[in-house]
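Enquirer: Below is a structure I'd like to ask you about.
The values are calculated or read from the model by the stated rules, or taken from the named source; none is laboratory data. The shown structure was predicted, so the numbers you read here are calculated from the model rather than taken from an experiment. With ideal geometry, Cβ positions are generated from the backbone for all residues, glycine too; neighbour counts draw on all protein chains shown. For the accessible areas, the whole protein counts, side chains as well, though only heavy atoms, and no ligand, DNA or RNA atoms are used. Shrake-Rupley method; radii C 1.70, N 1.55, O 1.52, S 1.80 Å.
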Amino acid sequence: MEINTIGVPIFYGCDIEGVNLGPNTLRENGLLKILKKSNNIVFDLGNIYVPELLVEDKFKEHENMKYLSAIVETNRNLAHAVYASLSSNSFPFVIGGDHSLGLGSLSGASRYFKDDLGVIWVDAHGDINTYLTTPSGNVHGMPLSAAMGLGHAVLRDLYFRGRKIDPKKVFIICARDLDQGELDLITELNINVWTTKDINSIGVTAFLEDFNNRLSNININNLHLSFDIDSLDSSLVPGTGTPVHDGMNIKDIKNILTGVFSTSKVRSMDFVEFNPLLDKESVTLNNCLEILEHVSALIK
């Protein structure tokens, strides 16, 4: 498989500096070598340009969304990079940076696959807040809702006008820190959600069976996988901006990823929210590299 590695050194979505160092830190610690291990042909397309904004201007464009113009510009460019990669029959592997980039990568995949696309969102959070429900103003909590056509038009219509993904084709996995507005939306739209508690109570094997059954029912051929490292337990990823306890262990996350890739439908992927400045004794770095090595063997 030809893999296009695309770095997105952005922290504006989470408003915690350091996560912007994630792409280059992973490169410096062998990311490209890891991705090449399974006979993949790997191209490093460098980093998407992220405009510089002053901290005091973070709410300049909108009172409830921080750093909006820079996030929109970065995601628009990312969307086109993902679309161009898919158009060249390559696998876009997007390295963050914070999860606000998920809107750009999903928009690029949506332009290419149109309605024949689902998204797997592996995350401790739902990322389906809007400017009306956000408790923080952090846009990394809004990319999936915007992709579903909700929230402010400047995010909803990024890259091309209209909805990028049908809520029925959204699968949120490992959620355990959901705001009330997100819970209401999940109920309203009947979004497929498995919390960490759900998965642990039935086991990964039973979860994957349920996931595959639901996936079969919607009859799609292409998936975008967006993986946030905070799906793991906080003890395993101290180097992330919003760690949550009672998360998944490494073994179960690997099994979940194996199950998702075994559908043979994953066409693009994000890997986000690694913050080297918050890491402790390289615990997060080493766990990220272990997961990336596992993923590299699954991309085919």
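Enquirer: Any of K33/K114; K36/K254; K58/K169 with alpha carbons more than 29 Å apart? Name them for me.
Expert: Listed pairs above 29 Å: K33/K114; K58/K169.
Enquirer: Run the quick spin-label model on E52 and A297: label points 7 Å from Cα toward the beta carbon, then report their separation in nm to one decimal.
Expert: 4.3
Enquirer: Sort the stretch 20-90 into rounded, prolate or oblate with this rule: let a ≥ b ≥ c be the square roots of the eigenvalues of the Cα gyration tensor; rounded if a/c is under 1.5, and if a/c is not under 1.5, prolate when a/b is larger than b/c, oblate otherwise.
Expert: oblate
Enquirer: Would you mind checking which residues have amide H under 5 Å from V266's amide H? H placed 1.01 Å from N; only 5 or more apart, or other chain.
Expert: Result for V266 returns L223.
Enquirer: Taking H placed 1.01 Å from N in the peptide plane, check which residues at least 5 places from G239 or on another chain put their amide H under 5 Å from its amide H.
Expert: K280, T284
Enquirer: Still on this model: Using unit Cβ charges (K, R positive; D, E negative) and no other charged atoms, how large, in debye to the nearest 20, is the dipole of the stretch 44-123 about its Cα centre?
Expert: 200
Enquirer: K37: which aspartates and glutamates have alpha carbons under 12 Å from its alpha carbon, excluding same-chain residues fewer than 8 sequence positions away?
Expert: Once the sequence-local aspartates and glutamates are set aside, what remains near K37 is E293.
Enquirer: Let me ask you something else. For L21, what is the net charge nearby, where nearby means another residue's Cβ is under 14 Å from its Cβ and Lys, Arg count +1, Asp, Glu -1?
Expert: -4
Enquirer: Right, another one. Over the stretch 2-298, with the other protein chains present, what is the accessible area per residue in square angstrom, probe 1.4 angstrom?
Expert: The answer is 40 Å² per residue.
Enquirer: Please work out whether the stretch 105-195 counts as rounded, prolate or oblate from its C-alpha gyration tensor, where a ≥ b ≥ c are the square roots of the eigenvalues and a/c under 1.5 means rounded, while otherwise a/b larger than b/c means prolate and anything else oblate?
Expert: oblate
Enquirer: Filter the chain for me: DSSP H helices, axial length by Cα at least 20 angstrom, mean Kyte-Doolittle hydropathy not below 0.5. List them by residue number.
Expert: 283-298
Enquirer: Quote the accessible area belonging to H152 in square angstrom, nearest 10, computed with a 1.4 Å probe and with ligands, DNA and RNA left uncounted.
Expert: For H152, solvent-accessible area is about 60 Å².
Enquirer: Considering only L35, T130, G239, whose Cα is most displaced toward the positive end of the charge dipole of the stretch 2-298, charges sitting on Cβ of Lys, Arg (+1) and Asp, Glu (-1)?
Expert: Most positive-ward Cα: L35.
Enquirer: While we're on this one: State the Cα centre-to-centre distance between the stretch 190-261 and the stretch 100-122 in whole Å.
Expert: Cα centroid of the stretch 190-261 versus Cα centroid of the stretch 100-122: 18 Å apart.
Enquirer: Further question: Taking a ≥ b ≥ c as the square roots of the Cα gyration tensor eigenvalues, with a/c under 1.5 meaning rounded and otherwise prolate when a/b beats b/c, else oblate, which class fits the stretch 179-300?
Expert: Verdict is oblate for the stretch 179-300.
Enquirer: What percentage of the solvent-accessible surface of the chain, computed with a 1.4 Å probe over protein heavy atoms, is contributed by carbon and sulfur atoms?
Expert: Result for the chain: 47 percent of the exposed heavy-atom area is carbon or sulfur.
Enquirer: A further question on this structure: Rank I256, C288, N222 by how far each Cα sits towards the positive end of the charge dipole of the stretch 206-300 (+1 on Lys, Arg Cβ; -1 on Asp, Glu Cβ) and give me just the farthest.
Expert: N222
Enquirer: Once fully extended, how much extra length lies between S201 and E28, figured as 0.36 nm per residue of separation less the alpha-carbon to alpha-carbon distance?
Expert: 58.4 nm
Enquirer: Then there is this: Using mean Cβ contacts within 10 Å as the protection proxy, how do 66-77, 191-202 order, highest first?
Expert: The peptides rank, most packed first, as 66-77, 191-202.
Enquirer: Okay, next question. Step by step: find N for the chain, compute 2.2 N^0.38 Å, then divide the Cα radius of gyration by it. What's the final number?
Expert: 0.90
Enquirer: Further, regarding this structure: So if I place +1 on the C-beta of Lys and Arg and -1 on the C-beta of Asp and Glu, and nothing else carries charge, what would the dipole magnitude of the stretch 91-221 be about its Cα centre? I want it in debye, nearest 20.
Expert: So the magnitude is around 420 debye.
Enquirer: Then there's this: Only Cα pairs under 8 Å and at least 6 apart count here; give the relative contact order of the stretch 2-298 as a rounded whole percent.
Expert: The value is 22 percent.
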